[in-house]
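Report on the following structure.
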Amino acid sequence: MNELRKDYILNRFVIVAKDRGKRPHILKEARAVEEGRDSCPFCPGHEHLLAGILNEIKKDDSWIIRVVPNKFSAVSLEGDPHIQMHNKFYTFASAYGTHEVIIETPEHGKELEELPQEHIQSVLKTYVWRIRELNDLANIKYISVFKNRGTAAGASLRHSHSQIIAYNIKPSWISEELMTAYKYLIENESCPYCEIIEQEKASDRRVFEDEHFVAFTPYASRFPYEVWVFPKNHYPNIALLRNEELFALAGVLKKLLLRLDDLGYPPFNLKIHNADLKGENFHFHIEISPRLAIWAGFELETGTVINTVSPEDAAKFYRGE
C-alpha cells in the first residue's frame, strides 16, 4: 500500500509509491568523461576562459583546487540590496551578492568521490574558508553551498565543481526550520534533529555511523535514494567543524557517492543546509538528492512529491544488502 509521509519538521508531504517505480520513466545519465574537455574552462591551460582566479590550493607547485568567479553569475555586489515594496504586490531588490565556483580537481572527468579522502577534505576546507570570508560581507543574509552533477541536476559543465552563492535574503525553508526547531527546543528542551539522529541511526533507514557522523535516508524522502548526513555534535554550520571532523566527513561523502555511482553515475544535487555561524537552534546537515525521476504536473501543482523508491529500500542499497 502506498503511504503519505510528512517531513520531520517542515510542513511538506511525500507519497511513497513503490509500485509506480515499475513504470519506464526512471532516468539514468551515462558517464561521458571526455565530453567538453577541449573547451572546458575548468581544465588547466584554459585560464583565458575564466572570469578570473580568486585563489588556488597547490600541491607540488601545481593547483589542485581553484576558486573562481562564476562567469555567468546570478548575483553581483551592485545595486540596492534592501528589499523594497512599492505597492501590495511588487516586492523587489537588486540580486545582490557573490557567485563563486570551486573547481574541485584539475582532472577532467574525475569525480569528487574518486579523489583521495585528503583531497575531499581540502574541498570541504575550501567551503569553510569561503563561508567565513563571505559571512563578513555587508548585506549578505545567506550563503548557499551546493554541488550539481549531471545535466538533469542543473550542471552545464561535466568538470567536477561546486558553487557558492552568498546573497541578500534568507530562504523561506531555513526560516521555517529555524522557527520550528526553536519552538521544539522551547517545548521539549532539546534539539529536534539531535532526537531524529538518535532514532534514525537505529531504524530501517540507517545507512552509516562513525565517531563523528550519522547518515540515513530521510523518512519522507523526496528523491529516490536521497540520503542525509548529520554531525553527531550539534553544529549550526559546517564552518564550525574541526579538522578531524572534516576528514571524517570527507570519508562519509566518498563512501556514499561511490555507492551511488553503482546506479550508473546518476545526476545529483548535494546541498549543505547551514544556519548562521551562531545559530544555536539549528543542526547543520548535508542532503544528497539523486535526480533519477522527473517531477511532473502533480508535484508542481500540489507540492506533494511522489517517490517511487522507499527510504527503507534505499537504505538497504546503501548498506549493500
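We did not get these values from a lab; they are worked out from the coordinates using the rules stated. Fair warning: this is a prediction, and the values are worked out from it, not measured in the lab. We place every Cβ from the backbone using ideal geometry, glycine too, and count neighbours over all the protein chains shown.
Taking 0.36 nm per residue of separation and subtracting the Cα-Cα distance, what length does fully extending E187 through E3 add?
Numbers: separation 184, 0.36 × 184 = 66.24 nm, distance 2.90 nm.
Result for the pair: 63.3 nm of gain on full extension.
Which aspartates and glutamates, on any chain, are close to K147 with Cα under 14 Å apart, when same-chain ones fewer than 8 places away are left out?
Cross-link targets: E100, E104, E111, E113, E287.
Once the Cβ-Cβ distance between I83 and L300 is put in as r, and R0 is 45 Å, what FRET efficiency do you end up with, to the nearest 0.05? Please list the in-between numbers first.
On the way: r = 26 Å, r/R0 = 0.59.
Result of the calculation: an efficiency of 0.95.
What is the chain's relative contact order, in percent, from Cα pairs under 8 angstrom and six or more apart in sequence?
Details: 626 pairs, mean separation 72.6, N = 321.
RCO, the chain: 23 percent.
Does the chain come out rounded, prolate or oblate by the C-alpha gyration tensor, with a ≥ b ≥ c the root eigenvalues, rounded set by a/c under 1.5 and, if not, prolate when a/b is larger than b/c and oblate if not?
Working: a/c = 1.36, a/b = 1.14, b/c = 1.19.
The shape class here is rounded.
What are the ³J(HN,Hα) couplings of the range 132-147, residue after residue, when phi is run through the Karplus curve with 6.51, -1.76, 1.60 and θ = phi - 60°? Round to Hz, x for glycine and proline.
Each residue of the range 132-147 in turn: 5, 5, 6, 5, 8, 6, 5, 6, 8, 9, 7, 10, 9, 10, 8, 9 Hz.
Under the classification rounded if a/c is under 1.5, otherwise prolate if a/b is larger than b/c and oblate if not, where does the range 211-321 fall, given a ≥ b ≥ c as square roots of the Cα gyration tensor eigenvalues?
Values: a/c = 2.26, a/b = 1.40, b/c = 1.61.
Taking the square roots of the gyration eigenvalues as a ≥ b ≥ c, the range 211-321 is oblate.
Contour minus end-to-end for E107 and N243, with contour as 0.36 nm per residue of separation and end-to-end as the Cα-Cα distance? Display every interim value, and only then the final one.
Values: separation 136, 0.36 × 136 = 48.96 nm, distance 2.51 nm.
That works out to 46.5 nm of additional length.
For the range 200-244, what relative contact order do you get, as a whole percent, if you take Cα pairs closer than 8 Å and at least 6 residues apart? Numbers along the way, then the final one.
Numbers: 50 pairs, mean separation 12.1, N = 45.
27 percent.
Which lysines have a Cα less than 28 Å from the Cα of K88, not counting those fewer than 8 places away in the same chain?
Answer for K88, where 28 Å is the Cα cut-off: K141, K170, listed by chain and number.
Show the residues, 5+ positions off or on another chain, whose built amide H is closer than 5 Å to the amide H of V214.
Residues meeting the amide H criterion: F230, K232.
Looking at the chain, identify the longest residue range that excludes and avoids all chymotrypsin sites (Phe, Trp or Tyr not before Pro) in DSSP loops having at most 13 other Cβ atoms within 10 Å.
Answer - 91-294.
What number, rounded to the nearest 500 deg cm²/dmol, is the helix-based mean residue ellipticity at 222 nm of the chain, given -39500 (n - 2.57) per DSSP H run of at least four residues and division by all its residues?
Numbers: 6 runs with 79 residues, N = 321.
Calculated mean residue ellipticity at 222 nm is -8000 deg cm²/dmol.
Could you pull out the pairs from K18/K271; K110/K316; K58/K125 whose alpha carbons sit more than 18 Å apart here? It would help to have the intermediate numbers written out before the result.
On the way: K18/K271 25 Å; K110/K316 27 Å; K58/K125 14 Å.
Exceeds cut-off: K18/K271; K110/K316.
What list of ³J(HN,Hα) values in whole Hz, one per residue of the range 204-220 in order, does the Karplus curve 6.51 cos²θ - 1.76 cosθ + 1.60 (θ = phi - 60°) give from phi, with Gly and Pro shown as x?
Going residue by residue, I get 6, 9, 5, 10, 7, 8, 9, 4, 10, 9, 10, 10, 7, 8, x, 3, 10 Hz, with x marking Gly and Pro.
In terms of modelled amide H atoms, which long-range or inter-chain residues lie less than 5 Å from the amide H of H161?
E104
Test of understanding: in a Gaussian network model of the chain with alpha carbons linked when under 10 Å, which of G97, G79, G109 would top the mean-square fluctuation ranking?
Result for the chain, Cα springs under 10 Å: G79 fluctuates most.
Grab the beta carbon distance between H48 and I169, set R0 = 35 Å, and tell me the FRET efficiency rounded to 0.05. Please list the in-between numbers first.
Working: r = 34 Å, r/R0 = 0.98.
Efficiency for this residue pair is about 0.50.
Between D210 and E321, what's the calculated FRET efficiency when r is the beta-carbon distance and R0 is 22 Å? Round to 0.05.
0.70
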